[in-house]
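What follows is calculated from the coordinates using simple rules that are stated; it is not laboratory data. In this text the structure is predicted, and so the values were computed from the model without any measurement. All Cβ positions, even for glycine, are placed from backbone atoms using ideal geometry, and neighbour counts span all protein chains on display.
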Amino acid sequence: MGRNWEQAYLDGDTPWDKGSAAPPLLAFLAEKAILGHVLVPGCGTGHDAIALAEAGADVTGMDIAPPALEIASKRSHEGVVQWLEGNFLDVKQVQAGYYDWIVEHTCLCAIEPSEREAYVQSVRHALKPGGFLWAVFFRKVTSYDGSGPPHPIESEEIDQLFVDGFRLLSRYVPEHTYSCRPVGREEVRLYRFSSANA
């Protein structure tokens, strides 16, 4: 990983934590259900995971930084979310073929671009056939100089990453965003996964 995530939480250097669930996710949940076993990789302090659990899902929030999970567990009622310490990029740490949904909120854009293929492999490994990936990607990052995170991603690269076994159901620029992220910086995609052997 390019950044020491554990140290960032210990230092309180977490500008990505906005104190609430991602507005595009809340808007989606207001219209459609995300149910079953749901994995939130890079869950941080758990805002999205808790929102999904409150909407009726069986949620696992996964993060590489123990301090983030400690904060998350204090914010949620016991048993509402299962908090799992681990590296999502290591498929051996991800339960195979278990999840109905993966909900990703700029996690792909937080890791180094060289790690994106490993990320996709973990998504393929974790989802059940017929499962869904709902994702918020950064298309534009203010004053990006290549150092990140976050690292923006071009639409064409997203297309190339999610090819084998993934069917794109929808893509759109969310109208509901954090106030610090002007509309147009993010892209939401919904994929359906067929099989790791597709």
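The table below lists the values:
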{"item": "Label-point separation in nm, residue 142 to residue 30, each point 7 Å along Cα→Cβ", "result": "2.4 nm"}
{"item": "Mean Cβ count within 10 Å, highest first, over the residues of peptides 7-20, 64-77, 104-117, 44-57", "result": "44-57, 104-117, 64-77, 7-20"}
{"item": "Fraction of beta bridges assigned by DSSP in the chain that are antiparallel (%, nearest 5)", "result": "40 percent"}
{"item": "Residue with peak Gaussian network fluctuation, the chain [Cα springs, cutoff 10 Å], from 98, 144, 119", "result": "144"}
{"item": "Spin-label pair residue 98/residue 18, simplified geometry with 7 Å Cα→Cβ offset, distance in nm", "result": "3.0 nm"}
{"item": "Percent RCO, i.e. relative contact order, over region 23-193, from Cα pairs under 8 Å lying at least 6 residues apart", "result": "20 percent"}
{"item": "Cα shape, region 1-99, gyration tensor, a/c 1.5 rule", "result": "oblate"}
{"item": "Footprinting exposure proxy for 84, 127 (fewest neighbouring C-beta atoms within 10 Å first)", "result": "84, 127"}
{"item": "Cα-based reach from residue 140 at 23 Å (exclusive), listing lysines while leaving out same-chain residues under 8 positions away", "result": "18"}
